[in-house]
Amino acid sequence: MAAMRVDRRSALALGGGVLAVGALTAGGIAVRSPYAPPPQLPAGSWDPGPAAGTYDLGGHRVELGGPGVPRNRRFRVLRAGTPVWWARAGVIGAGRGTLEWTDVTGHFSDRRRLDRIWTDARCESAEALGTDTLRLTGRFGVRPGEGPDWQLTLGSRGDVLEVDLEVPDADLVLLRSDLAVDEGVHGLGAQATGFDLRGRDVVLVTREQGVGRGKQPVTVLAEKTQGAGGSPTTTYAPMPTLVTAGLRGLDWSQDRVAEVDLRDRLEVSVWDRRLTARWRTAPTPRELVRAPHDTVPGWTGTGAILGLQGGSAEVRRKLAALDGAAISGVWLQDWVGQRSTGFGSRLWWTWELDRRLYPDWDQLVDELGQRGIRVLTYINPFVVDAGEKPGGVRRDLYHEALQRGFLVGHPDGGPYILDQDGFGAAMVDLTNPAAYAWFGEVIAAMPRTGGWMADFGESLPFDAVLHDGDPRELHNRWPLLWEQLNASVRGADEFVFHRSAWRGSRAAHWAGDQLTSWDAYDGMASALLGMLAGGVSGLPLMHADAGGYTSLPQRVVRARRDAELLLRWSEWCVWSPVLRTHESNRPAENAQVWDQPAAPAFAQQTRVFRELAGYRAEVVADDLPAIRHCWVEVPGSAAAGRDDQYFFGPSFLVAPVLQPGAGGREVSLPPGRWVLVWTGEEYPGDRVVRVRSLIGQPPVFHRVEDAGAAAISRRIRAL
């Protein structure tokens, strides 16, 4: 068997180094993170040379200033007199070198080695190609023959400036832009950190998000023992798109790994010889962040989707404890059977129904259907050797795929086996058309009535052997291939949701595997941050595991949810596209929604969720993010500077309670007059107010003049 690699969930067993690393942390001894940003590249320069001048192309004007022109006007592109792209120093750059990857515990960290870097560029010619395209050519370096030649083509297409930079002799190319003093930068995927990314260096590679992500001592422990700590910018769902507070947007088409350095300016480096990008402008943030997406079945908005497991009897027992709750679906991830690992309860990835756990599956599904409850299941892009599975399997998908050459290969030969905490798994090669079709048939054959979770997608090794293509090109695109495969067999009324994402994604997503904790590093508050960033990056339909997923039992790093955390998490998920719960990786150690005293409170929350069904349907049909940072709805207000509150659609301002034991919180109200949903009390806007908050009633407001929201609020108060 080929070499094995372990993933995040394996790492979370953490193991014997707990006390030792905890002592190191307590003693102030730092463990260097492999995600530490590299040194900044030289600032460089721009010399317009003989091409100096002004060029009109379509709706844009290009200014290539010559001697005597102020530095901030040496390179500028304007639309309707407003700068879209400008730089005082280097505008473009290139380099030669390598990007070396360490793949430990399912986390990818990189080491950038640049043998040569050129950030001084001289323009030798400017050629108009029609009325809307300008081609600039030149060379890098300040002396003749010092650096390679480059070609930069600019095209005006309405409010979009198309950019195409080619450097045939480079391994890396980059674009740069200055930023205004107060111009925040947002997006780049589901970044679970501050909404304004200025000061960050973000590597865009889809990967496990990390354990702790800066929360101590769990991060240093996970890093020291398993290389799994992550950083504030590691994410399952990066996206090569950003927007700025200056109402500019930048996205690019290359799938290879990119680095976005925002420590001094806006700098996008792509490990490719070509970078094709688009600068976009819009009059408002709303117009800048629109993103098309697939439809979401209406039934998902009428009640909670409960994550349940344990077999038929347990599903019935848990549902009985939630009498009176609005439930639209049950998500039975263990339909394939359970296995125990050091991390907690895991699944048998054999992709066939486990009749030992669900002996009366058909009867259970019929019972639930009569109550209007759909059944959702689970799948990921792996297959496993099921030789040790109790009861065996009727169809051995692993050996079938192995014999037919359908698995991702290892460079040493054989399939690439990835350790999943005590069991090995191999990925189906989605670049193989026959394997793609074969696994599509496997997915289509899953028993379900409502859809499924399409997990993983971010694990393709950079040294994998594929049927077709370069893994360096396909690593980031793999989540999209996985998404497209699932979409190809999804029924029109089925809900399929993903964890990983990349450019072109159209599916619904959830915010990943957070700790069962409150914090903004890797807990509840981080889920909200990731959803806000994802929303302006092309992922408009995001939700969270209500209650979190990752529970850690070790004394030094313990993360367990109590009823308060579970209910506070679910109460703001009510004001989102989907209310879906998860039992966590250690169900017996964490509060559950069917437990007392949580069950009555959660049932009440589901009824509030149901009252929002009509409004929710309108929100999720829009191509704006369902959960919107206040900057999207009320730019320029004091509320737009807050990352701990959001708009659910255009009408409701939601301020989640993100601290334990808090009986309320401060809310920054935008200008106007606002009504507190739970009481009908009016508040003057454009100020910070302190609002009392009972469990189940996070501060939620609507504008006085919003008649539709007022009607919904009256119905909620009558529940």
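The values are calculated or read from the model by the stated rules, or taken from the named source; none is laboratory data. All figures in this text were calculated on a predicted structure; none of them were measured in a lab. With ideal geometry, Cβ positions are generated from the backbone for all residues, glycine too; neighbour counts draw on all protein chains shown.
What to note about this one:
- Yes/no for Trp85 being of a type outside the set (Ser, Thr, Tyr), under 22 Å from Asp463 (Cα atoms), touching a strand residue (DSSP E or B) at 6+ places or on another chain (Cβ under 8 Å) and in a strand (DSSP E or B): no
- Test: Leu221 is in contact with a helix residue (DSSP H, G or I) (Cβ under 7 Å, 6 or more places away or on another chain) and not in a loop (DSSP other than H, G, I, E, B): yes
- Residue-level check: of (1) out of contact with any helix residue (DSSP H, G or I) (no Cβ under 7 Å at 6 or more places or on another chain); (2) in a helix (DSSP H, G or I), Leu567 misses just (1).
- Extreme residue, farthest from Met542 (Cα to Cα), among residues of the stretch 266-287 that are assigned to a loop (DSSP other than H, G, I, E, B) and out of contact with any strand residue (DSSP E or B) (no Cβ under 6 Å at 6 or more places or on another chain): Arg273
- Counting only residues that are touching a helix residue (DSSP H, G or I) at 6+ places or on another chain (Cβ under 9 Å) and either more than 22 Å from Pro540 (Cβ to Cβ) or small (Gly, Ala, Ser) (or both), the stretch 233-253 holds 3 of them.
- The set of residues from the stretch 155-194 being crowded, with 21+ Cβ neighbours inside 10 Å and more than 29 Å from Thr131 (Cα to Cα) comprises Ala170, Leu172, Val185, His186, Gly187, Leu188, Gly189, Ala190, Gln191, Ala192, Thr193.
- Restricting the stretch 682-708 to residues that are in contact (Cβ under 8 Å) with a residue 60 or more places away in the chain and within 21 Å of Val634 (Cα to Cα), the residue that is surrounded by the fewest Cβ atoms within 10 Å (Cβ to Cβ): Gly708
- Any hit, the stretch 564-576, residues being surrounded by fewer than 24 Cβ atoms within 10 Å (Cβ to Cβ) and within 30 Å of Asp421 (Cα to Cα): yes
- If the condition is being farther than 25 Å from Pro238 by Cα and either part of a loop (DSSP other than H, G, I, E, B) or touching a His at 6+ places or on another chain (Cβ under 8 Å) (or both), then the stretch 434-466 contributes Ala435, Ala445, Met446, Pro447, Arg448, Thr449, Gly450.
- Index of the failed condition, Leu653 passing every other in (1) in a strand (DSSP E or B); (2) not assigned by TED's automatic domain parsing to the domain that holds Val700: (2)
- Number of the exception - Thr102 against (1) touching a Leu at 6+ places or on another chain (Cβ under 8 Å); (2) β-branched (Val, Ile, Thr); (3) surrounded by fewer than 22 Cβ atoms within 10 Å (Cβ to Cβ): (1)
- Residue selected from the stretch 69-92 under the condition modelled with pLDDT of 90 or more and in contact with a Gly (Cβ under 6 Å, 6 or more places away or on another chain), by the criterion farthest from Ala170 (Cα to Cα): Arg79
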